[in-house]
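Okay, structure first, notes after.
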Amino acid sequence: MSFVRIVGVIGAIVLLAFLFHRSRDPLRTSLPFGSADLSLVAPALQRLDASDRALVEAYVKRSNGDVLLPSMADPEQPFTARTFGEAIALEKTWDITRDTQTALAMKGIDALNEAMAPLRAVVQADVQHIDMMSPRQLAGAIELTRDIKSALPGNQPTIFVVTVSLHNLGSEAIVGVTGALEARDRDATLPLDLCWVDIGPQDRIDPAGRTEIRCADPHRYVSEEQRAFMHAPHDRYTVVWKPKTVSFEDGTRLATNL
């Protein structure tokens, strides 16, 4: 066999080995298109390192199987990956972006908590009751204008009603409070708005005293998020009081200014 022929045979063997290895490389495995179901590519997924496998799974869960053109993708979350390798690279980049965003958000939360601390020290807000009321019940429970009353139909309990207790923790009478009470869901990004508190002198709170207010929108049916809050396990939601202003009978006032 001539030298040239030997070199040709060796070259062919090397090329075949390379192509075989390439075909077996799990990083080149195509992601499911339009689906988050990885069962069809499970054998290739199992050949990845545990850390890479977790990145692929996280990416597919985040993208829900979407594959976008680079020109149409969100620069912060570009769901453009078509293979395991591309998904791993994008998920690593997203981890860095997410950690940066989380750090900035925590910094903002710390600043907000610091600003609200003096207000929280003098007035506390808690959820006392959660009820479902009919529009007619609600009209009898809280003072509504005649126009709103005339627009209220039926007796079905379709309105989400939150009773909030405000407690004066200080030594001065309070004649005004504004702020938001919200429920933070461990399974969701955005909080659930429970009540916008806005009381004046008519709801004066004596030192160490309490007053209760009802929060409800008579024109809105209960939402799925509100139903979830009513029936969820006690550890799923965290109720957060975010006071904005507190006015005292002596004319002084506290505000977050944020």
Legend entry - segment 88-139, accessible surface, carbon-and-sulfur percent (1.4 angstrom probe): 59
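Can you pull the percent of segment 210-258's accessible area that's carbon plus sulfur, 1.4 Å probe, other chains left in place? Walk me through the intermediate numbers first.
Details: 1530 of 3350 Å².
That fraction is 46 percent.
Sort segment 21-62 into rounded, prolate or oblate with this rule: let a ≥ b ≥ c be the square roots of the eigenvalues of the Cα gyration tensor; rounded if a/c is under 1.5, and if a/c is not under 1.5, prolate when a/b is larger than b/c, oblate otherwise. Can you show the working numbers first?
On the way: a/c = 2.01, a/b = 1.32, b/c = 1.52.
Verdict is oblate for segment 21-62.
Go through 94-105, 122-133 and give me the packing order, highest mean Cβ count within 10 Å leading.
On the way: 94-105: 11.2, 122-133: 16.8.
Result, highest mean Cβ count within 10 Å first: 122-133, 94-105.
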Inset, instruction - Output ³J(HN,Hα) for segment 184-201: one whole-Hz value per residue in order, computed from phi by the Karplus curve 6.51 cos²θ - 1.76 cosθ + 1.60 with θ = phi - 60°, and x for Gly and Pro. - result: 9, 8, 5, 9, 9, 7, 8, x, 9, 6, 9, 6, 9, 7, 8, 10, x, x
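Which of the peptides 163-171, 46-54 is most tightly packed, and how do the rest follow, going by the mean number of other Cβ atoms within 10 Å of each residue?
Ranked from most to least packed, the peptides come out as 163-171, 46-54.
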Inset, instruction - Go through 194-200, 86-92 and give me the packing order, highest mean Cβ count within 10 Å leading. - result: 86-92, 194-200
Inset, instruction - Under a cut-off of 14 Å between alpha-carbon atoms, report the aspartates and glutamates in cross-link reach of Lys244, not counting same-chain residues fewer than 8 places apart. - result: Glu114, Glu182, Asp198
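The values are calculated or read from the model by the stated rules, or taken from the named source; none is laboratory data. None of these values were measured; they are calculated from a predicted model. Cβ sites come from the backbone with ideal geometry, for glycine too, and all protein chains shown count toward neighbours. These area figures cover heavy atoms from the full protein model, side chains too; ligands, DNA and RNA do not enter into them. Shrake-Rupley method; radii C 1.70, N 1.55, O 1.52, S 1.80 Å.
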